[in-house]
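One structure below.
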Amino acid sequence: MRYMKAKDIRKMWLDFFASKGHHIVAGASLVPKNDPTLLWINAGVSALKKYFDGSEIPPCRRLANIQKCIRTNDIENVGRTARHHTFFEMLGNFSIGDYFRDEAITWAIELLTEKRWFAFEKEKLYITYHPDDLVTKKSWLKAGISESHLIAKDDNFWEIGEGPCGPATEIFFDRGEKYDPEQRGIDLLVKDIENDRYIEIWNIVFSQFCAAPGIKREDYKELPSKNIDTGAGLERIACILQRTNTNFETDLFYPIIEEVERFSGRKYEDHQLAFRVIADHLRAITFALADGESFSNEGRGYVLRRLLRRAVRFCKVLGIEKPYLFTVIPLIVKNMEDYYPYLFDHQTQIAKMVKNEEERFIKTLKNGENLLMKLIAENQTLSGADVFKLYDTFGFPKELTAEICHEQGINIDLTVFEQLMEAQRQRARAARGNSQSMSLQAIDLMNCTLSSMFNYMSGPTKATVIALFKDGQKVQSVDDEGEVLLDVTNFYAESGGQVADSGILENDHLSAKVVNVIKMPNQQHLHYVKVMYGAVKVGDQVVAKVDEYRHALIKRNHSSVHLLHAALIEVLGEHITQQGSYVNEHYSHFDFNHPARMSSEQIAEVERKVNYYIAASLKQKTVVLPIEEAKEIGAKALFDDKYDDEVRVVAFADISKELCGGTHVNNTADIGVFVIESEESIAAGVRRIQARTSIGAYELLKKRENILNQSRDLLAVGSINDVANKIKALSNEKDLYKKENDHLNQKLAQMMSGDLKNSFVKKDGLLVLVKHLKEQNRDGLLKIIYGLRENKDNYLIVLIGEENGRYPIVVAVSEKATKKGMHAGKLVKEIATLLKGSGGGKADLASGAGKDIAQLQVVKDFLLK
């Protein structure tokens, strides 16, 4: 077994799978894109779900990657174990409908054990597999793993709700008796005992089944396209190949630990927990901030705040009382620069953000700890009110308070804390809502008459901070979240259906994200900011930088709405008027009056016309006119909006003239392409078109293309141009088979009716038939009943079928019987109730369904005795 640095392990992993025909996929950002189910990217496959679920066609059906991940479900355990981390790297190889079990296992053994690769000793590898997955066991035996090293485990099955699932196999490395002081041996692995001897290094999932609710696992259907999903921990492989006791002594962590030793004068072996927490948490913070996250009190930002404040607290354990962690950022960047060179571009900003957060917490840490230790000395249980005070006044995350209390053997009441937190959230939401909507008009905002100018020019704008607010109340400085008023701004404020710009305000000592912009009661543009580092004060000189990429996307969508309005009038008629619109960077909505659903041909024609206007490179011209003059030149307005005496008119040649205060492209050619995504009704007589432009239109077209490509493959045709003809042929074939099937079912029903004609019994002069017919659905039962009724004028027929765990019931009663008071609808309801179902219908014919056939004999006794 060779010695390898972490950077060489990464390279060898990718080189190996490239040699096996895998496309190397760049690792994704830690912040999930278009996936609200995840707080962080937490597994190698997380960013590849779009390929596995079929929403996108992969660049290759064989993929390999190195994915940075964050998991924060039990932060308090980090540092206390040998291998638990918040930030880690997953090495992965994936097959999407290409190779499967045999190749995955063969390549795993080759990469792990061959001398030109990792060169692990094969005799030190142990494998777990699912007891029912004997094919995997056979593959490992074939690969040279001895049977005594193969262990069946019931939990080796990957399944998360409905959808793809399958058995898993895990590869463990035996580090030897040195890490097994009690000499438990293989029992550690068999009985799943936490240990440092047998280290899991690689997990392979064979995604071959489709999980479905109500279906036993052994009855899951096989997937038509089987996949491979694997994950190997870089930190664990490094620990083994570098022959360290834990992951923290590898070259991924130890340079950080050595630097903290140098600065603090303390030794790692004497304070392992503190050193490990600092090294782990600072790596996670560095990568998360580089990927665009920031410290805050919610979501991912709150996780980062927890990590930083926990690390600061352990700095204090090492005697480090002043801000220090920010000085370690360059070391982390240098240590990881081989595979993550982008970190260098963010190094300065990350350090400033970390320093700012350290300074804020250190100010209150000492007083907070003093109060906490006093409370611990006086109480057996820390009250929820005290936990809240520590959080609200001293910035102690509840988890940090809980960890300190646990160390001291003190219980903690979090129920009251959560109640107080929720009350605070509601107050904050109300305050934000009041100031943003102006519905209750905060006094300070109402009284602010300072002059602030908005200009439509792009590019950085120098400005002066003339007022600051916190939840609508005037303040002199903001160091976390608040509202900023500038003397001049190029940030568009949300209005007229267009979302606000976003970006940053910065100077040498400040960086603040602008997350929203609204109009104040006196129409100034108010910027909602999250301070990343520094503090913003009244009188500060700042540079206002709009996110130009997002701004351009919004402009394209907004201008396309004007062109869409013109095209709709041309195609549908002069009656078209705008009823509302919404524009953001992703898409646009346009609402208009029209009495009927648009045909496919009309939608296509409108889309064609808009793209014609785009291709015509129409120049945009904006003028400010008296409102009457604007109306005279044909400028269109929103049906119920109120306008000032002077209005802004946006025109694209003679095609479109509208009253509009929004931002627009200079030339229609800048829009690129326009695609209608949907057309639907949103109210009586009002339709809505959703559309996309530019990169959004491209992504929509690619998504449609992917669907066509998948359809081509499923239909086994040579080109997407053949898809429609193939579907038409299959539809005709289906209609033919349906016709034949209906004919055969009719004949079968006639045959069954003939067989059952002699099964009637007489009861009080009435012919009665009660039968349970397996594998018959409701339609089949009706066909049989129609045959049974022939030539009979006094009958009661009850047929019970069986289909997919349900029991359809059909009851027929003759006219003569109904006149005597018998009612099919009432009967079927009683029968269905006995079978734990429901039903109803007319007097002569009714149907229902039951769920439990166990009471069938009770039904027969009820009807025949």
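The values are calculated or read from the model by the stated rules, or taken from the named source; none is laboratory data. Since we're looking at a predicted model, the values are computed, not measured. Methodologically, a virtual Cβ is constructed for each residue, glycine included, from the backbone with ideal geometry; neighbour enumeration extends over all protein chains shown. Keep in mind that these areas ignore ligands, DNA and RNA; they rest on the heavy atoms of the full protein, side chains included. Shrake-Rupley method; radii C 1.70, N 1.55, O 1.52, S 1.80 Å.
If the convex hull of the alpha-carbon atoms of region 103-155 is projected onto planes in all directions, what is the mean projected area in square nanometres?
Numbers: hull surface 14.5 nm².
So the Cα hull casts an average projection of 3.6 nm².
How big is the Cα convex hull of region 727-840 in projection, averaged over all directions, in nm²? Mean orientational projected area (region 727-840, Cα hull): 8.6 nm². Ratio of Rg to Rh for region 1-116: 0.99 [Cα atoms; Kirkwood radius as inverse mean 1/r over pairs]. Solvent-accessible surface of the chain, taken per residue with a 1.4 Å probe and all protein chains present: 48 Å².
Maximal additional length on extending the Ala18-Lys50 stretch stands at 9.4 nm, based on 0.36 nm per residue less the C-alpha distance. Pairs of alpha carbons in region 545-678 separated by more than 26 Å make up 19% of all such pairs.
With the alpha-carbon atoms of region 524-576 aligned to their principal axes, the span from lowest to highest coordinate is 56, 23, 16 Å, starting with the largest.
Helix-only estimate, please: 222 nm mean residue ellipticity of the chain, summing -39500 (n - 2.57) across DSSP H runs of length 4 or more and dividing by its residues, to the nearest 500. Mind showing how you got there, number by number?
Numbers: 24 runs with 333 residues, N = 865.
Dividing the helical sum by the residues of the chain leaves -12500 deg cm²/dmol.
Residue separation times 0.36 nm, minus the C-alpha to C-alpha distance between Tyr456 and Leu273: what's the value?
That works out to 60.5 nm of additional length.
Taking a straight Cα-Cα cut-off under 27 Å and skipping sequence neighbours fewer than 8 places away in the same chain, the lysines within cross-link reach of Lys137 are Lys20, Lys115, Lys122, Lys124, Lys153, Lys191, Lys216, Lys221, Lys226.
Projecting the Cα atoms of Gln419, Ala651, Phe388 onto the dipole axis of the chain, where Lys and Arg carry +1 and Asp and Glu carry -1 at the beta carbon, places Gln419 farthest toward the positive end. Karplus-based coupling profile of region 750-762, in residue order and whole Hz: 4, 5, 5, 4, x, 5, 8, 4, 8, 9, 5, 10, 8, with θ = phi - 60° in 6.51 cos²θ - 1.76 cosθ + 1.60 and x standing for Gly or Pro. Does region 28-91 come out rounded, prolate or oblate by the C-alpha gyration tensor, with a ≥ b ≥ c the root eigenvalues, rounded set by a/c under 1.5 and, if not, prolate when a/b is larger than b/c and oblate if not? Prolate. Note on region 698-748: Kirkwood hydrodynamic radius from all Cα pairs is 12.8 Å, rounded to one decimal.
In the context of the full protein assembly, Glu422 retains an accessible surface of approximately 70 Å², using a probe radius of 1.4 Å and ignoring ligands and nucleic acids. Within the full protein context, the accessible area of Tyr492 is estimated at about 10 Å² for a probe radius of 1.4 Å.
Annotation for region 147-202 versus region 333-389: alpha-carbon center distance of 36 Å.
Which trypsin sites (Lys or Arg not before Pro) in region 748-797 pass both tests, a DSSP loop state and at most 11 other beta-carbon atoms within 10 Å? Working shown, then result.
Values: sites: Lys757, Lys762, Lys763, Lys771, Lys774, Arg778, Lys783, Arg789, Lys792; in loops: Lys774, Arg789, Lys792.
Filter output for region 748-797: Lys774.
Keeping all protein chains in place and using 1.4 angstrom, which order do Asp844, Asp174 fall into by accessible surface area, from largest down?
Working: Asp844 70, Asp174 20 Å².
Most to least solvent-accessible, the answer reads Asp844, Asp174.
Apply the a/c threshold of 1.5 to the C-alpha gyration tensor of region 773-829 and tell me whether it is rounded, prolate or oblate.
Working: a/c = 3.78, a/b = 1.65, b/c = 2.29.
The shape class here is oblate.
With kT/(6 pi eta Rh) evaluated at 4 °C and eta = 1.567 mPa s, and Rh the Kirkwood radius from Cα pairs, region 140-260 diffuses with a coefficient of 76 µm²/s according to Stokes-Einstein.
By accessible area of protein heavy atoms, probe 1.4 Å, what ranking do Met532, Met751 get, highest first? Could you put the intermediate results ahead of the total?
On the way: Met532 15, Met751 125 Å².
Listed by decreasing accessible area, they come as Met751, Met532.
Could you tell me the calculated FRET efficiency between Glu680 and Tyr612, based on Cβ-Cβ distance and R0 = 30 angstrom, to the nearest 0.05? Could you put the intermediate results ahead of the total?
Numbers: r = 24 Å, r/R0 = 0.81.
Efficiency computed from Cβ-Cβ geometry: 0.75.
Of the solvent-accessible surface of the chain, computed with a 1.4 Å probe and all protein chains present, 49% belongs to carbon and sulfur. In this calculation the C-beta distance from Tyr342 to Glu699 is compared with R0 = 25 Å, giving a FRET efficiency of 0.60.
The H on the amide N of Met532, modeled in the peptide plane, is under 5 Å from the matching H of Ser511, Ala512, Lys513, each at least 5 residues off or on a different chain. The Cα trace of region 801-865 gives Rg and Dmax of 11.6, 36 Å, the first to one decimal, the second as a whole number. Three principal axis extents of region 181-238 based on alpha-carbon atoms, in descending order, are 47, 26, 15 Å.
Taking each residue as 0.36 nm, the span from Glu378 to Lys763 lengthens on full extension beyond its C-alpha to C-alpha distance by 130.1 nm. Using only the C-alpha atoms, the convex hull of region 311-421 corresponds to 127 Å³ per residue. Size of region 228-350 from its Cα atoms: along the principal axes, largest to smallest, the extents are 46, 35, 25 Å.
Once you have a ≥ b ≥ c as the square roots of the Cα gyration tensor eigenvalues for region 655-739, tell me rounded if a/c is under 1.5, and otherwise prolate or oblate according to whether a/b is larger than b/c.
Note, shape of region 655-739 comes out oblate.
Modelled this way, with points 7 Å down the Cα-to-C-beta line, the labels at Tyr549 and Gln857 are 7.3 nm from one another. Between the beta carbons of His406 and Thr244, assuming R0 = 35 Å, the FRET efficiency works out to 0.80 to the nearest 0.05.
Out of these labelled values of P(r) over Cα pairs in 10 Å bins from 0, in percent, (i) 2, 12, 20, 21, 17, 12, 8, 5, 2, 1, 0, 0; (ii) 2, 9, 14, 16, 17, 16, 13, 8, 3, 1, 0; (iii) 2, 9, 13, 15, 15, 14, 11, 8, 5, 4, 2, 1, 0, which was calculated from the coordinates shown here? Matching entry in (i) 2, 12, 20, 21, 17, 12, 8, 5, 2, 1, 0, 0; (ii) 2, 9, 14, 16, 17, 16, 13, 8, 3, 1, 0; (iii) 2, 9, 13, 15, 15, 14, 11, 8, 5, 4, 2, 1, 0: (ii). Using θ = phi - 60° in the Karplus curve 6.51 cos²θ - 1.76 cosθ + 1.60, the 3J(HN,Hα) couplings for region 842-858 round to 7, 5, 9, 8, 8, 9, x, 7, x, 10, 9, 7, 4, 8, 4, 5, 4 Hz; x is entered for Gly and Pro.
Along region 387-394 the Karplus relation, 6.51 cos²θ - 1.76 cosθ + 1.60 evaluated at θ = phi - 60°, assigns HN-Hα couplings of 4, 5, 4, 4, 6, 6, 9, 10 Hz to successive residues, with x for each Gly and Pro.
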